[in-house]
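Okay, structure first, notes after.
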Amino acid sequence: MLPLQILGTARLNQKTVFASLRPALVRFYSSKTAASGNKSTTDEKIAPLDPAEDEVPVTFVDDENLQEAREARIEMLRNKSALLPQHRNMLIGRLPYEESQSWIHETVKYKRMMLGRYGLESSGVDPRVAFPTKREAIEKAEYERVAFPHTLKDMMESNRKAKEQRKAVIQARENEIAKKLEKLDQWTADLNARIAKKEADARAAKDRKDRLVEEVRRHFGFKIDPRDERFQEMLAQKEKEDRKKVKEAKRKEKEVLMLEKLKKKTEQMEEIVPVEENDDKK
C-alpha cells in the first residue's frame, strides 16, 4: 500500500499527483522485474526521474497559490453583475482601486475625498492630508479677508436692519391698504352714482330724440319717411332749438346757484360786522 497522506481540501492537479507517485511506482516495478529477470524491459518502460523531480515529497500539502486561485475563481463566479472591479467595489462600499492607476490618484484632493468617503481603515490614506498646509491656510485666510471683509457681528447687525426695513415697508403697505378699504364703500357708491348718471343721460337723450321725431311728424301732419330730406332738415332745426333751450336752462340754473352763493356770503358778512362793532364798543 502506498504511503500517502492527504492534508487539507485544496484541489491537486494531475502533474503533482503523478510526480509524487513516480518514485514509488519505479521501486514497485523494479522489484517485480528483478524477480522475473526482465529488468531491462522495466527500465525501458519507466525512465528514471530528474533530480528535481526526485525531490518532490510524497506527502500532499496545501498549495497557497492554488488556494488563492481557487478563491479568486469563486469570487469571480459570485459576481453576477458584470460590473468592472472598481465599480463593484464602489457599489459595496470599498475603495475602488487597491493601487494607484493614474496621477490623479496621487493628488491630495483625491486622497482627501477617499478618506472622507471610505474612512481611515478602508481608504488606507494618511489622515494628515486632511489638514491644510501652511501655504493653504495663508491663502484661505487671505481669500476670506477679501471675500468677507465684514465681521460676524457687523453682518448680524446689517441683517437685523434689513429685516426691520422690510418689516416697515410691509407695515406701511398694510396701513395703506387698510385706509383704502375704509374708503371702499364710498368709492363703490360714487361709482354706482356715476353709472346711474350715465344711464340716466342716455335715457334722457333717447327720450329727447324720440320727442323731436314725434314733433317733426306732427309738424308735417302726415306720415313721412325719416330718411326724407325735409324730415332731416326739420329734425335738425328742432334739435338746434332744443339745444338752445337746454343751454338757456343751464344758464338760468347757474344764475340761481350764483345768487344763492352770493346770498349766503352776504349773510355771513352781516353776521361778522355786528360782532366787530360790539368789540369796538367794548
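Classify segment 161-279: rounded, prolate or oblate, from the alpha-carbon gyration tensor (a ≥ b ≥ c, eigenvalue square roots; a/c under 1.5 rounded; otherwise prolate if a/b is larger than b/c)?
oblate
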Around Arg112, what is the net charge, scoring Lys/Arg as +1 and Asp/Glu as -1 over all other residues with Cβ under 11 Å from its Cβ?
-> +3
Could you tell me what fraction of 2.2 N^0.38 Å the Cα radius of gyration of segment 62-186 comes to, as a two-decimal ratio?
-> 2.22
Ordered by packing density, taken as the mean number of other Cβ atoms within 10 Å over each peptide's residues, highest first, how do 95-104, 230-239, 119-128 rank?
-> 230-239, 119-128, 95-104
Difference of contour (0.36 nm per residue) and Cα-Cα distance, Glu142 to Arg173 = 6.8 nm
Could I have the simple spin-label model distance between Gln101 and Asn65, label points 7 Å from Cα toward Cβ, reported in nm to one decimal?
-> 2.7 nm
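Could you calculate the contour length gain from Val129 to Lys161, that is, 0.36 nm times the residue separation minus the distance between their Cα atoms, to one decimal place in nm? Don't jump to the answer; show the numbers that get you there.
On the way: separation 32, 0.36 × 32 = 11.52 nm, distance 4.24 nm.
This chain segment gains 7.3 nm when fully extended.
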What does the charge add up to near Phe222, with Lys and Arg as +1, Asp and Glu as -1, over the other residues with Cβ less than 14 Å from its Cβ?
-> +1
Estimated dipole of segment 92-221 in Debye, rounded to 20 [Cβ of Lys and Arg +1, of Asp and Glu -1, Cα centre] | 760 debye
Any chance you could list P(r) for segment 105-163, counting all Cα-Cα pairs in 10 angstrom bins from zero, rounded to whole %?
-> 20, 28, 23, 21, 9, 0
Å² per residue, accessible surface of segment 162-245 at 1.4 Å = 88 Å²
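Can you tell me how much longer the chain between Lys197 and Val256 gets when fully stretched, taken as 0.36 nm per residue apart minus their C-alpha distance, in nm with one decimal? List each step's numbers first, then the result.
Numbers: separation 59, 0.36 × 59 = 21.24 nm, distance 2.22 nm.
That pair, Lys197 and Val256, stretches by 19.0 nm at full extension.
The values are calculated or read from the model by the stated rules, or taken from the named source; none is laboratory data. Everything quoted here is computed from the prediction, not taken from an experiment. Using ideal geometry, Cβ is built from the backbone for each residue, glycine included, and neighbour counts are taken over all protein chains shown. All accessible areas refer to the heavy atoms of the entire protein, side chains included, with ligands and DNA or RNA removed. Shrake-Rupley method; radii C 1.70, N 1.55, O 1.52, S 1.80 Å.
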